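Visitor: Would you mind keeping the following structure in view while I ask a few things?
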There are 2 protein chains.
Amino acid sequence: MGSDLENLGVAAGINLGLATIFIAAYSVAIKMPINTRVYFPALLQRDPSKFKETGKTGLERFMLNLRLLDWLHGALKMPEEELIATAGLDAVVVLRVFFFSMKMLFPMALWGAIVLIPINKTDNNVQQQHAVNPKSSFSAVDQLSLSNVQDRSDRMWAHLLSAYMFAFWAYYCLWKEYEYITRLRLGYMADLQPQPDQFTVLTTEIPKVDAQSSETMSQRVARYFRVQYPDIYFAHNVVINANPLWALVNKRDKTANKVDALRIKMERKPRKGRPMHRTGFLGLRGPKVDSIDFYEKELSQLREEAATESGIIQSSQKRVVNAAFVTFRNRWGAAVAAQTQVSKNPQLWITSWAPEPRDVYWPNLGMSKWHQGLRRLAVGTAVFFLVFFYMVPISLVQSLANLDSLRHIGTPVKEIVDVPVIAGFVSGFLPGLVLKLFLALLPLLLRTMSTFEGHPSTSTIVRQAAIKVYYFQLVNVFFGSILTGSLFEQLRSFVSQPTKLPETLGNAIPTKSSFFITYIMVDGWAGFPAELLRLFPLLLYHLRVALFVVTDKDRENAMNLQRLHYEELLPSLLFYILLGLVYAPIAPLLLPFLLLFLVIGYVVYKNQIINVYERQYESSAGLWPFVANRVIVALLVAQITLLGVLSLKLASKVAPFAVPLPVLTLVYSVWLRDRFEPNF
Amino acid sequence: MGSDLENLGVAAGINLGLATIFIAAYSVAIKMPINTRVYFPALLQRDPSKFKETGKTGLERFMLNLRLLDWLHGALKMPEEELIATAGLDAVVVLRVFFFSMKMLFPMALWGAIVLIPINKTDNNVQQQHAVNPKSSFSAVDQLSLSNVQDRSDRMWAHLLSAYMFAFWAYYCLWKEYEYITRLRLGYMADLQPQPDQFTVLTTEIPKVDAQSSETMSQRVARYFRVQYPDIYFAHNVVINANPLWALVNKRDKTANKVDALRIKMERKPRKGRPMHRTGFLGLRGPKVDSIDFYEKELSQLREEAATESGIIQSSQKRVVNAAFVTFRNRWGAAVAAQTQVSKNPQLWITSWAPEPRDVYWPNLGMSKWHQGLRRLAVGTAVFFLVFFYMVPISLVQSLANLDSLRHIGTPVKEIVDVPVIAGFVSGFLPGLVLKLFLALLPLLLRTMSTFEGHPSTSTIVRQAAIKVYYFQLVNVFFGSILTGSLFEQLRSFVSQPTKLPETLGNAIPTKSSFFITYIMVDGWAGFPAELLRLFPLLLYHLRVALFVVTDKDRENAMNLQRLHYEELLPSLLFYILLGLVYAPIAPLLLPFLLLFLVIGYVVYKNQIINVYERQYESSAGLWPFVANRVIVALLVAQITLLGVLSLKLASKVAPFAVPLPVLTLVYSVWLRDRFEPNF
């Protein structure tokens, strides 16, 4: 026993090794010109001249000029203003979250190392427990944590004091960061060239036009806003359901590309003659036809259909949706219209700021509030069940991760498992990895659900998905890892006895610190460099290029430009902030691991934001309040946990003084929201 | 035993007798011209000509022309439009609440009488319980309630069905009423002559002017609004702290009135010579002075002081408060300014609709948000303790009200108590009365607390007080009457085990129906006619007239014009609605008593609103959302109670079907708020 420090060391070694391998591979791979479209797609899209101006040799020269780890230097030196200009404020906010977490957690780590760990280490509760009950595990990690302090000990005053210091420091950091990001946001919006969306409100729930009435939807909107905002109304666009047209146009473009590809192939290998194919099932049956002729005929037919559909859209009321973008003469007018209730029936003529044109999620625009309400209820219920019954695979992981349970399988397994490296792998690497795999599928699912809820903009959909992912992680990864028994049982007992929560947390949290340390190492130390290497996109790209790419358009498609997945990155970052705040007073050993994780993450994401991710839309830091509110939640969980630990340790003098902390945090959060949230 | 029906009968007799006496006395008393200022103060203020035009004989003729109960006819026949025009919309909303409750509860009472009572009566659970345990009370009232249905009986399907019917009927009534009152409100505001407050917003939290800056507060406000609302800004008034001036003016007027009174007294009895008094302690010591000269000198001094203070106000910045009324060129502009956030810091330049001039509560205008927040926290804590520790006197009442505990005092008490009339009095009248007395002091206290919170208008203060009174009544009268043990203990057990609530309610509610029936009779049947008679103001007025009145001003003051105390009336009405909804499916016998109460109340208050209460301000039905939201709370309590009763009666087939009801009510309430509340 006592080997848990060793296991941690092995896990750290494995993960640092993996990280080194990934980073080295990346440093080499980005120098190969054939990988440009994998590692610099965003740069390529933004500034193609950089790569193209002097032809292939220029590109090669550019690549070879890079020294190993030059990318690191390039990423780190870019100043924030330039980053905002190139990658947008949303991306910068993600980096600010990394930075904010480091700023908040670093002094806590320092304080923990200098003050708390010596205080914990010099007591001997863990040893005594082990002496009394030799079957209980004796953990060197626990010796550095609050678990090692004896019951009723006065040493716990130090932990209480630390909790207060940490809380005030967190309040200060959060306030400063909120202020900074608000300044960035307002400055960003003020500096922009006038954008159409700054003059425009989205109006939904426009009352339907009767079939008898000769008024069109457009006339109705014009009449309404001319009366309500006579001096500032400028123009409007009724939203049109162009989904059928879009499908036709898409199909048309694909067919056109097919024709091009066939022509190019024929030119390259003129000996082969005109390409032919069969029209039946999978090109295996039916009569043989000349492919180019066939697709050209199809193309002209699709062009015709698209033109017809486009005629329907322009001339009839059939495709008109009861929503409109209304533009005002000045920003002030749009601000007024977006914030003011105009109709007597507040469920009609609902106005809100128009999302950016890129940000609008068109398919949802015509959906009625009523319909949205029903869908949200349905999605809410589904998410509830998803959150509370997704634990079946996770509890499987928990049992897998347990060295002892593996040893019980049989002698050969036991022998394998007892090899130190493998033991380290099993207890340090496997649980995190399997958990991570389970979680990888989730954001996609939750994003689809959020889309289904009917939000009008992509940024809102992403934000809603992020909230769902966060709660999922909180319940499943955090509570699911620390509590025993089914999550639903836990929920039941929590609802029927909420005052038991601090004790439950206080009982479970301290013993789980090494589990979460390994989780951090797998996810961050090795995970982030893997994100850098983009192994999966890399393989996919080269496979596509080798097999399918013919036209320039194909090559562009193969690049598979991706946006930054905020709904995955932010919730997991917030989850780590939660871990940091919870363990800061209880088991400060976790913090250095976390800080290294944050540093790696910061560097990796700064590089990727510059080079890789496409800026799909700009919500001007619209995600920040979500982050700030979850940091508050994390603080609350941390403080309630500490309260639970203290009362379980029978610190009857100390524990009552921990009660005001969550109250203070709640009061602070009310103030913080009131002060900043209206600007978002 | 079985005498509880008899006791109810006796109580009903006593209370109906009292009601008859009060009404008869009122019918006679209003015919006496000397009571005009007690029974028609509002009428007198509104339309003095009606009483004065032909001098005293005209007044007498008007009085004598009234036949007995003519007042009733007069009150009932006044149409709503006229009532709105004379008494204002706020008062009419109170009558609408009476009307709404009758409309909602009458069909429930009918259904209860026709369907539920026969179903309950034909079972025999109460008899069996009594046979098994002869010491348990055998109650005839309980035989008509759900208590008489046997455990596991299929009869409970009827109660479940009724609960659903009642819920949907309540939803419908609430929706219709909300719609009607919204129409009244919007119509009222549209019909009004243009009022200054419709063009004005109240701006608070104006940043303080530096001592160095040469800009005055007024210039700062003008500059700000000229920039932000260039075309629609019209003018502004900075709020000035005139409290010192007001005190001086008040004192001046009182002294002037004193001088007048002394002159009149001297003229009436010239033989007595000039009045003299001593200047020392209570006029008993010190040198004797000529009273008229003395007060005239004081008067001129006060006039001077008031002039100086008025000079300070007009010329210096000392009395300027950082709030201002900003007027716009049109209503539209004011609406925009009131709803729009303008400052980058949302905690500065806060705008809201200006209250009516009469409604403004001036002393609170300059209070900072921060200060208000602290005060609200303090008041919130105080109210919490008040609500949960005010039960000491109430639990005393509970023990007093118990016939058995009185019998235990001794033989003489026992003999007295066993006289049927006295038994009826003790169990039917005393508990309600004492409870009522305890509660009478409360609204004043809670209103003072709400004033202290710093709301800018009287109507808001009244609304906040009403909310506090409501929660007090809900916890103390409702839960306090049905639960055993200290309220704080109950709160603790509720917080630690919230899922036990339905059972606790289901256990306690059914047995308390006769208690609440007597409470209704005392409070409403006798209480409302007592309100009609205004015994206390009547005595006070005549005492004042006899002892103190000399000048006309004195007589006016003696009239003691009062506003309708919404913060007392509405919460108790809502409390009765709660009783009605809770007992409708469980003990429908309560409903007829409640309906009679509502009819009496409606008539009494319609009369008093026309004749007695002063219209101090007009918030245009601003109190209605409070009422509607509390009706939803009442529905929830009722449905949770039924759920508890059903599960305690082991109706394992029926009870699960009661679970969706509260969920349905919550969904409905979200919709209702969303649909109507923004208009208030």
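What follows draws every value from the coordinates through simple rules; no lab data is involved. For clarity, every value in this text was computed on a predicted model and none was experimentally measured. Please note: Cβ atoms are built from the backbone with ideal geometry, for glycine as well, and neighbour counts cover all protein chains shown.
Visitor: If I take the Cα coordinates of chain A and project them onto the principal axes, what are the three extents in Å, biggest first?
Guide: Answer, in whole Å and largest first: 86, 73, 48 Å.
Visitor: Can you give the local net charge around A:Ala190? Use residues other than it whose beta-carbon is closer than 15 angstrom to its beta-carbon, Lys and Arg +1, Asp and Glu -1.
Guide: Net local charge, A:Ala190 excluded: 0.
Visitor: Taking Cα atoms, how many degrees apart are the long axis of helix B:442-452 and the longest axis of chain B, rounded to 10 and kept between 0 and 90?
Guide: So the inclination is approximately 50 degrees.
Visitor: Also: With everything on Cα atoms, drop me the angle between helix A:156-191 and the longest principal axis of chain A, reported from 0 to 90° to the nearest 10.
Guide: 20 degrees
Visitor: Still on this structure, please answer the following. Give me A:Ser513, A:Ser316 ranked fewest to most by other Cβ atoms within 10 Å of their Cβ, as a rough exposure proxy.
Guide: In order of increasing Cβ crowding within 10 Å: A:Ser316, A:Ser513.
Visitor: With the Cα gyration tensor of the stretch B:244-314 in hand, give its eigenvalues times 5 under a square root as the equivalent ellipsoid semi-axes, listed largest first in whole angstrom.
Guide: With the √(5λ) rule applied to the stretch B:244-314, the semi-axes are 27, 15, 9 Å.
Visitor: Report the Rg/Rh value for the protein assembly as shown, based on alpha-carbon coordinates and the Kirkwood definition of Rh. Display every interim value, and only then the final one.
Guide: On the way: Rg = 39.0 Å, Rh = 38.1 Å.
Rounded to two decimals, Rg over Rh is 1.02.
Visitor: Using the 10 angstrom Cβ neighbour count as an exposure proxy, how do B:His130, A:His542, B:His73 rank, fewest first?
Guide: Listed from fewest to most nearby Cβ atoms, that is B:His73, A:His542, B:His130.
Visitor: Continuing with the same structure: Between copies, how far apart are the A:Met78 label points? List them in nm, one decimal, shortest first, with each point 7 Å from Cα toward Cβ, please?
Guide: Label-point separations across copies, in nm and ascending: 7.5.
Visitor: Whats the longest run of chain B with zero trypsin sites (Lys or Arg not before Pro) that are DSSP loop and have at most 14 other Cβ atoms within 10 Å?
Guide: The longest such stretch corresponds to B:359-652.
Visitor: Of the listed pairs A:Lys500/B:Lys500; A:Lys31/A:Lys103; A:Lys653/B:Lys468; A:Lys265/A:Lys297; B:Lys103/B:Lys606; B:Lys77/B:Lys468, which have alpha-carbon separations greater than 24 Å here?
Guide: Check vs 24 Å cut-off fails for A:Lys31/A:Lys103; A:Lys653/B:Lys468; B:Lys77/B:Lys468.
Visitor: Right, another one. How far, in nm to one decimal, is B:Leu664 from itself in the other copies if the label point is set 7 angstrom along Cα toward Cβ? Shortest first, please.
Guide: 4.8
Visitor: Compute the long axis of helix B:89-111 from its Cα atoms, compare it with the longest principal axis of the Cα atoms of chain B, and write down the angle in degrees, 0 to 90, nearest 10.
Guide: Taking Cα atoms only, the helix is inclined about 0 degrees.
Visitor: Taking A:Lys512 as the anchor, which aspartates and glutamates have their alpha carbon closer than 17 Å to its alpha carbon, excluding any fewer than eight residues away along the same chain?
Guide: Result set, ordered by chain and number: A:Asp4, A:Glu6, A:Asp142, A:Asp404, A:Glu503, A:Asp523.
Visitor: Which longest run of chain B has no exposed loop site in it, a site being GluC sites (Glu not before Pro) in a DSSP loop with at most 15 other beta carbons within 10 Å, and the site itself not part of the run?
Guide: B:216-680
Visitor: Cut-off is 10 Å between beta-carbons; in what order do A:Leu192, B:Leu161, A:Leu589 appear when sorted fewest neighbours first?
Guide: A:Leu192, B:Leu161, A:Leu589
Visitor: Would you list which lysines come within 21 Å of B:Lys414, measuring only between C-alpha atoms, while excluding same-chain residues fewer than 8 positions from it?
Guide: Hits, sequence-local ones excluded: B:Lys135.
Visitor: State the Cα centre-to-centre distance between the stretch A:450-500 and the stretch B:648-676 in whole Å.
Guide: 24 Å
Visitor: Which chymotrypsin sites (Phe, Trp or Tyr not before Pro) in the stretch A:186-237 pass both tests, a DSSP loop state and at most 12 other beta-carbon atoms within 10 Å?
Guide: none
Visitor: Now a separate question. For every helix of n ≥ 4 consecutive DSSP H residues, a contribution of -39,500 (n - 2.57) applies; sum these over the protein assembly as shown, divide by its total residues, and give [θ] at 222 nm rounded to the nearest 500 deg cm²/dmol.
Guide: Dividing the helical sum by the residues of the protein assembly as shown leaves -20500 deg cm²/dmol.
Visitor: Moving to a separate point now. Gain in length, B:Leu282 to B:Val413, computed as 0.36 nm per residue apart minus the alpha-carbon separation, to one decimal in nm?
Guide: Using 0.36 nm per residue and subtracting the Cα-Cα distance, I get 42.3 nm.
Visitor: While we're here: Using a/c under 1.5 as the rounded threshold, could you call the stretch B:579-680 rounded, prolate or oblate? The axes a ≥ b ≥ c are square roots of the C-alpha gyration tensor eigenvalues, and prolate needs a/b larger than b/c, oblate otherwise.
Guide: In terms of gyration-tensor shape, oblate.
Visitor: Whole Å is fine, so just give me how far the alpha carbon centre of the stretch B:141-166 lies from that of the stretch B:541-617.
Guide: What the calculation gives is 36 Å, centre to centre.
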